[in-house]
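For reference, the structure is listed below as structure tokens.
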Amino acid sequence: MKTTPAIASLAIAAVAALGLAGCATTGTPAPTDGTASTVDAATATSAGDFGGLEALEAAARAEGALNVIALPRDWANYGAVLDAFMAKYPEITVNEAQPDISSAEEIKAAEDLAGQDTAPDVFDLGLAVAAANTDQFAEYRVAAWDDIPAALKADDARYWADYGGFMSIGYDPDVVPEPKSLEDLLGDEYRGKVALNGDPTQAGAAFAGVGLAAVQNGGSADDFQAGIDFFSELNAAGNFLKVDATPSTIASGEIAVTFDWDYLQAGYAKQLEGTRKWEVTIPEGTGYAGYYYQAINAEAPHPAAARLWQEFLYTAEAQNLWLAGGARPVLGSALEASGEIDAELWGALPAAPTDFVALTPEQSAAAGELLGEKWAAAVQ
């Protein structure tokens, strides 16, 4: 049965909102004729502080560069998003660093490169890492701030959701049978074949994989122990493969089953078309939804370009590019109401689970702490 994409309504599903959204702030008047602003870009909390988008664009062009990190081009259609930004702003050189590192490693890179021109300007993070590192971020409200659901943005505007999906299981039907439930993965048919997308103490997708196992095995958003126990059992059975699920490890046949976001699984299937089958299923029962969050480095070497990048990500153009990658854009419902959504792609999204959880920052922090304490021993 076709349903309205549910993840756009996580403001309702979240157990506790991060806080009520404020209106976009307006700063000291600045040039409105497209000339570079004299405003300190590093302290600007909205495009209004520059005097409007044109002045922000001029300031970003004057900087001439943007440093991004941990943005795989095959992740949620990021390649198309990056290319669209570069086509719109050819005067700004986009430096793409370390595309395959984890959310935690993004923060470490910023700390290691602090004060250098090569430090990241912006971040794309899982919620647990974002909520734990707010001191690293600058306050900023994009023009579309009011259209981001309240539960999906920090009330101090230091991080905000952008695109998301549901945790799912991808598998090669020529190698293993379709897993109807997580319990099936404990069977002999899956020996040495089940992987996560990274280390759950470091990577958001892997963290969510444990979260799905938790809510489907008697745990909850407040209790990830059941998820840790499941992977411990999976490991004891010899079925847990300690290899990161990536396009290359999946394409090579090294991995036959993986926990990952539904939009990434769809991307794997597309990439493997003609060479290997890859199918995706969301197990029956409680689902696990999650978004990735944007933030600006408080010490960004290109602060105006960092802010312009964020403004671009929340345009209808960029939001529809997430949708083209199978992800659910955070502004989907707002764009549907305004007639700016790609209706065909929006309507083609897989039906969301009827029941699902979406963690709050507090729940993410507690789960992250528990994983830090228990994960290594559980799967050693």
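The values are calculated or read from the model by the stated rules, or taken from the named source; none is laboratory data. All of these numbers come straight from a predicted model, not from anything done at the bench. As a convention, Cβ positions derive from the backbone with ideal geometry for all residues, glycine included, and neighbour counts pool all protein chains shown.
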**Request:** Within region 89-104, identify whether any single residue is more than 16 Å from the chain's Cα centre (by Cα) and part of a helix (DSSP H, G or I), and answer yes or no.
**Result:** no
**Message:** Pull out all pairs, ordered by first then second residue, where Cβ-Cβ is under 7 Å, the residues are six or more apart or on different chains, the first lies in region 160-181 and is farther than 30 Å from Leu331 by Cβ, and the second is among the aliphatic types (A, V, I, L, M) and assigned to a loop (DSSP other than H, G, I, E, B).
**Reply:** Tyr171/Ala256; Asp172/Ala256; Val175/Ala256; Val176/Ala256
**Request:** Report yes if some residue within region 46-64 is on the phi > 0 side of the Ramachandran plot, modelled with pLDDT of 95 or more and in contact with a strand residue (DSSP E or B) (Cβ under 9 Å, 6 or more places away or on another chain); otherwise report no.
**Result:** yes
**Prompt:** Residues that are buried (at least 24 other Cβ atoms within 10 Å of the Cβ) and modelled with pLDDT of 95 or more: which helices (runs of 4 or more DSSP H) entirely in region 277-363 hold 3 or more of them?
**Reply:** 303-313, 316-324
**Request:** Of the conditions (1) closer than 29 Å to Ile255 by Cβ; (2) surrounded by fewer than 20 Cβ atoms within 10 Å (Cβ to Cβ), Ala150 clears all except one; give me its number.
**Result:** (1)
**Prompt:** When region 176-198 is examined, which residues are found to be surrounded by fewer than 22 Cβ atoms within 10 Å (Cβ to Cβ) and in contact with a Lys or Arg (Cβ under 9 Å, 6 or more places away or on another chain)?
**Reply:** Val176
**Item:** Residue list for region 203-233, restricted to those being surrounded by fewer than 21 Cβ atoms within 10 Å (Cβ to Cβ) and either in contact (Cβ under 8 Å) with a residue 40 or more places away in the chain or hydroxyl-bearing (Ser, Thr, Tyr) (or both)
**Value:** Ser220, Asp222, Gln225, Asp229, Ser232, Glu233
**Prompt:** Among all residue pairs at least 6 apart or on different chains, which show Cβ distances below 6 Å where the first residue, located in region 136-152, is farther than 14 Å from Asn297 by Cα and of a type outside the set (A, V, I, L, M) and the second is at pLDDT 95 or above and not in a loop (DSSP other than H, G, I, E, B)?
**Reply:** Asp147/Ala334
